[in-house]
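Visitor: First, the structure itself, so that you have it in front of you.
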Amino acid sequence: MHPERFEMLPSVFGVDQEKRFLIDGVGNLQRASNYLSQAQWLVLKTPDCSSAFQHRLHRCFGLLYATDGNCEQALYHLANDIYLASSTFGLKSIEASGGYFHMANVFFRQNKMDIANSLYAEVTDIWHTFLVKSVQTQEQIRKLRAGKSPFTEDKEVEVSEDTMTEAQQAEAIQVLNAVLNIREKAPKQEPGETARVLHALAMLYYLILDLLKAREMGMKAFDLLKEQPQQESLEAISYLLKLIDSQPSCTK
């Protein structure tokens, strides 16, 4: 079977699958189940089906079962999602982070808060690490471009850059804000973890040029960490706030 056959399936299996089949209740769940069964059949008939496709398929199944209240099957498929995404994109890849997030939500619903909190922390760490590198890369590019002589040839600055797609940006905003909401409402407050999510969101909004939101999140993180011993984290947030304030369109 040719790989093109996969293109015949609805876009429910793409990166925004979470939004598509969980909208209108049971009717859509049944339709999603039918689509997923078709996809699973195609995977079984196609030995060279990519791991990238399979991890998205397992995530869809995980979301479907989670919505239907079948936590055991949801966790099974989300574990496969994480394994395949990690094997394909890397253990700490943002592609794998979604599986951790949805798995954390399942444990959260089961009131298994120790496991859920650990997984939410993993999600935060993955995005935080990625966003730190993204900000550093952007700064490298800015400095290299600023240092170019007008007498040199007009060549693009060559810097390795991991850019987010629009779908990944939307996922990051949704996921990190959801984790922040959970952290802020938790009975036992953990300022360090909350500040880490806020720092990640500040970097994210900075990169997508929502500077007012970036500054708001950055200041919240800074205020939380002022009384904490993590001076290194405080310095990183201070530096980010300087970057934000240096942008001409940032109005305090």
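The values are calculated or read from the model by the stated rules, or taken from the named source; none is laboratory data. Small disclaimer: the values here were computed from a predicted structure and weren't measured. Please note: Cβ atoms are built from the backbone with ideal geometry, for glycine as well, and neighbour counts cover all protein chains shown.
Let's see how each residue does on (1) closer than 21 Å to V197 by Cα; (2) out of contact with any helix residue (DSSP H, G or I) (no Cβ under 7 Å at 6 or more places or on another chain); (3) at pLDDT below 95:
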{"site": "Y100", "(1), (2), (3)": "yes, no, no"}
{"site": "M103", "(1), (2), (3)": "yes, no, no"}
{"site": "A116", "(1), (2), (3)": "yes, no, no"}
{"site": "E122", "(1), (2), (3)": "yes, no, no"}
{"site": "Q140", "(1), (2), (3)": "no, yes, yes"}
{"site": "S149", "(1), (2), (3)": "no, yes, yes"}
{"site": "T163", "(1), (2), (3)": "yes, yes, yes"}
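Visitor: From the list R215, R196, exactly one residue is charged (D, E, K, R), part of a helix (DSSP H, G or I) and farther than 24 Å from L119 by Cα. Which is it?
Guide: Just a single option satisfies the conditions, and that option is R215.
Visitor: For the range 174-189, does any single residue satisfy the condition of being touching a Gly at 6+ places or on another chain (Cβ under 9 Å), within 14 Å of T124 (Cα to Cα) and part of a helix (DSSP H, G or I)?
Guide: Among the residues of the range 174-189, at least one is touching a Gly at 6+ places or on another chain (Cβ under 9 Å), within 14 Å of T124 (Cα to Cα) and part of a helix (DSSP H, G or I), which makes the answer yes.
Visitor: To continue, here is another question. For the range 90-104, give me each residue that is of a type outside the set (S, T, Y) and surrounded by 20 or more Cβ atoms within 10 Å (Cβ to Cβ).
Guide: Going residue by residue through the range 90-104, those that are of a type outside the set (S, T, Y) are 90-92, 94-96, 98-99, 101-104.
If the condition is that a residue be of a type outside the set (S, T, Y) and surrounded by 20 or more Cβ atoms within 10 Å (Cβ to Cβ), then I94, E95, A96, G98, G99, F101, H102, M103, A104 are the ones that fit.
Visitor: Another question, then. Here are some residues: S118, S134, S97. Which one is free of Cβ contacts under 8 Å to residues at least 24 places away in the same chain and part of a helix (DSSP H, G or I)?
Guide: Result: S118 is the single residue among S118, S134, S97 that is free of Cβ contacts under 8 Å to residues at least 24 places away in the same chain and part of a helix (DSSP H, G or I).
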